[in-house]
Amino acid sequence: MPIKERAVPRKINIVWHDINDRRMESDIFFDEKKSKAIFETIKAEEKIKFIIEIDRNTKPRETKGISIKLKTATAEIDMKDAIVSQESFTKPTPY
């Protein structure tokens, strides 16, 4: 993804395939104040990468299995305290 200035995320939708090759999605909602506080600890000119880890054993309707971290040149910051909710579900393919 090209690097651009963006707003602090309130929601992320992630699509992947589980261990049974089922198409899965997860909606992750962030607490705006907690997310903003995390981003304010990062220097303005510092580049950020999102690291998304998915447990491919996650089943539909589970509220765990995905972790999100921010990676800078000097640190890795866990976003777990800013996550309000997450739920994984299946969707038929194609979209």
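The values are calculated or read from the model by the stated rules, or taken from the named source; none is laboratory data. All values derive from a computational prediction rather than experimental measurement. Methodologically, a virtual Cβ is constructed for each residue, glycine included, from the backbone with ideal geometry; neighbour enumeration extends over all protein chains shown. Keep in mind that these areas ignore ligands, DNA and RNA; they rest on the heavy atoms of the full protein, side chains included. Shrake-Rupley method; radii C 1.70, N 1.55, O 1.52, S 1.80 Å.
For the range 50-65, name all the residues that are surrounded by 13 or more Cβ atoms within 10 Å (Cβ to Cβ), out of contact with any Gly (no Cβ under 8 Å at 6 or more places or on another chain) and not in a loop (DSSP other than H, G, I, E, B).
Answer for the range 50-65, where residues must be surrounded by 13 or more Cβ atoms within 10 Å (Cβ to Cβ), out of contact with any Gly (no Cβ under 8 Å at 6 or more places or on another chain) and not in a loop (DSSP other than H, G, I, E, B): I51, I52.
Looking only at the range 66-85, filter to residues that are touching a helix residue (DSSP H, G or I) at 6+ places or on another chain (Cβ under 7 Å) and either touching a residue at least 40 places away in the same chain (Cβ under 8 Å) or farther than 18 Å from R10 by Cα (or both); which one of those is most open to solvent (accessible area, probe 1.4 Å)?
Here the answer is D81.
Given R10, R56, R23, which one is over 15 Å from the mean Cα position of the chain (by Cα) and of a type in the set (K, R)? Quick ask: steps written out before the conclusion?
Values: R10 fails: over 15 Å from the mean Cα position of the chain (by Cα); R56 fails: over 15 Å from the mean Cα position of the chain (by Cα).
That would be R23, the only listed residue that is over 15 Å from the mean Cα position of the chain (by Cα) and of a type in the set (K, R).
Residues in the range 13-26: is at least one surrounded by 13 or more Cβ atoms within 10 Å (Cβ to Cβ) and either among the polar types (S, T, N, Q) or touching a Gly at 6+ places or on another chain (Cβ under 7 Å) (or both)? Spell out how you get there, then give the answer.
Applying the first criterion (surrounded by 13 or more Cβ atoms within 10 Å (Cβ to Cβ)) to the range 13-26 yields 14, 16, 18, 22-26.
Those still in the list that are either among the polar types (S, T, N, Q) or touching a Gly at 6+ places or on another chain (Cβ under 7 Å) (or both) too: 26.
Within the range 13-26 (the criterion being surrounded by 13 or more Cβ atoms within 10 Å (Cβ to Cβ) and either among the polar types (S, T, N, Q) or touching a Gly at 6+ places or on another chain (Cβ under 7 Å) (or both)), the answer is yes, since at least one residue qualifies.
Go through the range 36-49 and count every residue that is open to solvent by 90 Å² or more (accessible area, probe 1.4 Å) and farther than 30 Å from R23 by Cβ.
So in the range 36-49, the residues open to solvent by 90 Å² or more (accessible area, probe 1.4 Å) come out as 36, 40-41, 43-45, 47, 49.
Right, trim to farther than 30 Å from R23 by Cβ and you get 36, 40-41, 43-45, 47.
Qualifying residue count, the range 36-49: 7.
Considering I68, I38, which residue is part of a strand (DSSP E or B) and at pLDDT 90 or above?
I68 is the lone residue from the list that is part of a strand (DSSP E or B) and at pLDDT 90 or above.
Give all pairs with beta carbons closer than 9 Å in which a residue from the range 20-46 that is more than 10 Å from V8 (Cα to Cα) meets a residue that is open to solvent by 100 Å² or more (accessible area, probe 1.4 Å) and in a strand (DSSP E or B); count only pairs at least 6 apart in sequence or on separate chains.
Close Cβ pairs (under 9 Å, with a partner that is open to solvent by 100 Å² or more (accessible area, probe 1.4 Å) and in a strand (DSSP E or B)) amount to D27/K11; I28/K11; F29/K11.
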